Ligand SMILES: Nc1ncnc2c1ncn2[C@@H]1O[C@H](COP(=O)(O)OP(=O)(O)OP(=O)(O)O)[C@@H](O)[C@H]1O
Ligand SMILES: [Mg+2]
């Protein structure tokens, strides 16, 4: 799939190339935003966090551009088969990446709030979880660039790890909040941050599914979802 | 992702689940003199689905279409090998009534070709030679019914005596379809029926094909990919005299299995 032959009409190739590069740019930005937001969180750097919040506008702008271009290609070129799948996938991926950007932005907002509060212990698990999530985003974008369905599949399989991180963090934060009501505000922020990371993992998985579909024409069959925290209870209760 | 599923995206309607095979071709080879134009083409055409033939110019689509009602008999240099059956009956067998065959398997051509006669006589021509109408009233009914089914009645009913050639291109093409329908055929073959028509006339023909679907087995040759995707439920891709791929239109246009099909329909051919 990676070495597609050229279209007879050259400008068609240019259009698709441009669309794909917009998606790559968005993906690169998303990955950086996640890393920067978590960095601001661990360094308790409110200013850096606000920079992440401001940068999100660039992702939004790229999404607008990608959407415009995709619609234009559909209108002017009437894409078929692999092209059709790819352009529809790009359209969907761009909106998913925009959502990922929003989650990173929300993490940054909470990081700036947390910079003022006293540090709490379950914090340490968050950067580790974020690393896994950021690598998922990076890998799924690599899979997109290389049109690599195997790598896309591998990303999907990693989503479970993220869900496990979230479940364990959820439990320890519950315990923590029950021990001391002063922990509730920072714990809640942290819980939302972890939830945002977990959502990013889900979205990376969605992107992986689209990459896989675009490359092969087949859907990845239903995978089991691992988020059962809604039913979890605190061990310390 | 489920909404991206190939099926419903492309074809207006999916291929019928239960099909009756109307025509079958097995190992058809066609030569024009020493030059081979078709190699080992085998295909089943069903009653329920519209079948589209696509492929680059010169790949043999028209040649194959002409085999299906023995139009190639009129080409002196053409030689047809293999087997083509209509309802299980070999149409190339000795003693086959070719005139009768062409009434059962009608053809509509790329350029509208009405006879230089009145609109009425254009439609009445076939039924007349096949003796399908006993009385003037019978013939009137056939003419009206055919023009109605071809979506031309309202435009033609007040000018039935005028020459068919005085109509617009789109009307002429629908007149030719009415003429094909008038002899109550079982199969209608259309060779690029819209290539000389504007988008509105084209849309009317496509709508007509959709209405005629099921009542007649329909095969259409078209160079317009979107048209093939819109009107057909089955698509066959021809390339250099061979049939490369044949399958559900929705699959051919979203996920073809053959690289040559993909290259052609995505505009990467040659
Ligand atoms: N009457 C003929 N005499 C000699 N060769 C012919 C004749 N008709 C067609 N051919 C040759 O047979 C091959 C297939 O032609 P055919 O007309 O079936 O192609 P096609 O797929 O219908 O092309 P197009 O899309 O341009 O109509 C071509 O190489 C053509 O030159
Ligand atoms: Mg032809």
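Every number in this text was worked out from the coordinates using simple rules, so none of it is lab data. These numbers come from a predicted model, not from an experiment. Positions of Cβ are backbone-derived with ideal geometry, glycine not excepted, and every protein chain shown enters the neighbour counts.
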Sequence of B:207, B:155 once ranked by neighbouring C-beta atoms within 10 Å, starting from the fewest: B:207, B:155
I'd like the antiparallel share, as a percent to the nearest 5, of DSSP beta bridges with both residues in chain B. 60 percent
Find the Cα radius of gyration of chain B, compare it with 2.2 N^0.38 Å by division, and give the number to two decimals. 1.01
Across A:209-220, the residue-averaged tally of Cβ atoms belonging to other chains within 10 Å stands at 2
For labels at residue A:161 and residue A:78 in the simple 7 Å Cα→Cβ model, what's the distance in nm? 4.6 nm
Could you tell me which of rounded, prolate or oblate describes segment B:56-163, using a ≥ b ≥ c as the square roots of the eigenvalues of the alpha-carbon gyration tensor, with rounded for a/c under 1.5 and, failing that, prolate when a/b is larger than b/c and oblate otherwise? prolate
Cβ neighbours within 10 Å, averaged per peptide: list B:15-23, B:184-192, B:90-98 in order, most packed at the top. B:184-192, B:15-23, B:90-98
Remind me, relative contact order of segment A:114-204 in percent, using alpha carbon pairs under 8 angstrom and six or more residues apart? 43 percent
Let me confirm one metric for peptide A:7-17, namely the mean number of other chain beta-carbon atoms within 10 Å of its residues' beta-carbons. 2
Expressed as a whole-number percentage, the relative contact order of chain A with C-alpha contacts under 8 angstrom and at least six residues apart is 26 percent
Across the residues of A:78-90, average count of Cβ atoms on other protein chains within 10 Å? 6
Quick one: Kirkwood hydrodynamic radius for the protein assembly as shown, alpha-carbon pairs, angstrom, one decimal? 26.9 Å
How would you classify segment B:110-159 from its alpha-carbon gyration tensor, with a ≥ b ≥ c the square roots of the eigenvalues: rounded for a/c under 1.5, else prolate if a/b is greater than b/c, otherwise oblate? oblate
Quickly estimate the mean residue ellipticity at 222 nm for chain A, helices only: each DSSP H run with n ≥ 4 gives -39500 (n - 2.57), and the total goes over all residues, rounded to 500. -28500 deg cm²/dmol
Listed highest first by mean packing, meaning other Cβ atoms within 10 Å per residue, what order do B:142-148, A:45-51 come in? B:142-148, A:45-51
Antiparallel content of DSSP bridges confined to the protein assembly as shown, in %, to 5: 60 percent
Could you tell me the extents of segment A:2-231's C-alpha atoms along the three principal axes, largest first, rounded to whole Å? 68, 37, 23
Using Cα pairs closer than 8 Å and at least 6 residues apart in sequence, work out the relative contact order for chain B, in percent. 29 percent
Per the helix-only calculation at 222 nm, which mean residue ellipticity applies to chain B, given -39500 (n - 2.57) for every DSSP H run of n ≥ 4 and division by its residues, nearest 500 deg cm²/dmol? -10000 deg cm²/dmol
